[in-house]
1. At a 1.4 Å probe radius, carbon and sulfur cover how many percent of the accessible area of the chain?
2. For a paramagnetic label modelled at 7 Å from the Cα of ASN171 toward its Cβ, which residues of the range 104-135 fall within the zone defined by backbone nitrogen distances under 15 Å?
3. Could you calculate the FRET efficiency of ALA149 with ILE4 from 1/(1 + (r/R0)^6), where r is the beta carbon distance between them and R0 is 35 Å, rounded to 0.05?
4. Straight-line reach from LYS69: which aspartates and glutamates fall under 16 Å, measuring Cα to Cα and dropping same-chain residues less than 8 apart?
5. Normalising by the residue count of the chain, find the relative contact order in percent from Cα pairs under 8 Å and 6+ residues apart.
6. Please work out how much length the chain gains when fully extended from THR142 to ARG164, using 0.36 nm per residue of separation minus the C-alpha to C-alpha distance, in nm with one decimal.
7. Give a quick list of trypsin sites (Lys or Arg not before Pro) in the range 1-93 that DSSP marks as loop, anything other than H, G, I, E or B, with at most 14 other Cβ atoms within 10 Å.
8. If you average the C-alpha positions of the range 102-177 and of the range 70-91 separately, how far apart do those two centres end up, in angstrom?
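The values are calculated or read from the model by the stated rules, or taken from the named source; none is laboratory data. Computed from a predicted model, the values in this text were never measured in an experiment. Note: ideal-geometry Cβ built from the backbone for every residue, glycine included; neighbour counts use all protein chains shown. Calculation scope for accessible area: heavy atoms of the full protein, side chains included, ligands and nucleic acids excluded. Shrake-Rupley method; radii C 1.70, N 1.55, O 1.52, S 1.80 Å.
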Amino acid sequence: ISEIGWPNNLGGGGSTEEHSADALVRMTSLFCSQPLTGPMIWYDFQDDGVNPRYNEDNFGLIHHDETPKQPYVAAAMMNRVLAGKRFVKDHGLPYPAWLHEYAADDGTRTLVVWSTQFGEEVTLTLDAPEVEWSDARGALRTVKVTGGALTVPASETPIFITGRFASPTVNVVGPLP
C-alpha cells in the first residue's frame, strides 16, 4: 500500500488527530491480517507546511515543528506492543467489532480490539492473573483478570491487551447492527 494517511487539516476532508491515530492502528492490523502483502507506506512522517486548512500540509505523524501528533503516539504504542510478534488470528467477531491476535515465540500475546460503529464489550477468557492494557492514545496500565475473564470496551480507539496467556475464548456483548 503506497501513500496511505489521514490529513489533520481544518475544513473539508480533514480528520482529527485522534481519528487518524485510530485509523492508523486499525488499518495496520487489518493489513497485517492479510496474506501476501507487500510494504505499507504511511504518508507522511512530518507535516509539509503550516497552513491548517491545506490538507497537503497536514498528513504527518509529527507537526512541522517536529512535535508529535496523536498518530505518532498511536504508531509508537502499536510498535511497542507488537514488536517481535506475528499475526496469528482474526477472531471473526460480528461486524463492526474486531479482535486480532499476535504472538511472539516466547509465548507473549497481544490482542488488538476495536469496533467502528457501536459500543460493544468484548469479554475475553484468559488464563493469566494480570495483563497489560494499553491503547492508541498512549494509556498504559496493568489490570487484574478476575475469575479468568476480562471485559474490554470496543470502540473506535483500539485497545491492546498484552501478556502470557493461551489464545482466548471471546464473547461479544452489546449492541450489534
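1. On the way: 4750 of 8760 Å².
Ligands and nucleic acids excluded, carbon and sulfur reach 54 percent.
2. Counting backbone N atoms under 15 Å from the label point, the list is 121-127.
3. Values: r = 36 Å, r/R0 = 1.03.
So, using R0 = 35 Å, E works out to roughly 0.45.
4. GLU17, GLU18, ASP22, ASP44, ASP47, ASP48, GLU56, ASP57, ASP135
5. Values: 403 pairs, mean separation 34.4, N = 177.
It comes to 19 percent, rounded to a whole number.
6. Working: separation 22, 0.36 × 22 = 7.92 nm, distance 1.30 nm.
Extra length from THR142 to ARG164 when fully extended: 6.6 nm.
7. Values: sites: ARG26, ARG53, LYS69, ARG80, LYS85, ARG86, LYS89; in loops: ARG53, LYS69, LYS85.
Filter output for the range 1-93: ARG53.
8. Their Cα centres are 13 Å away from one another.
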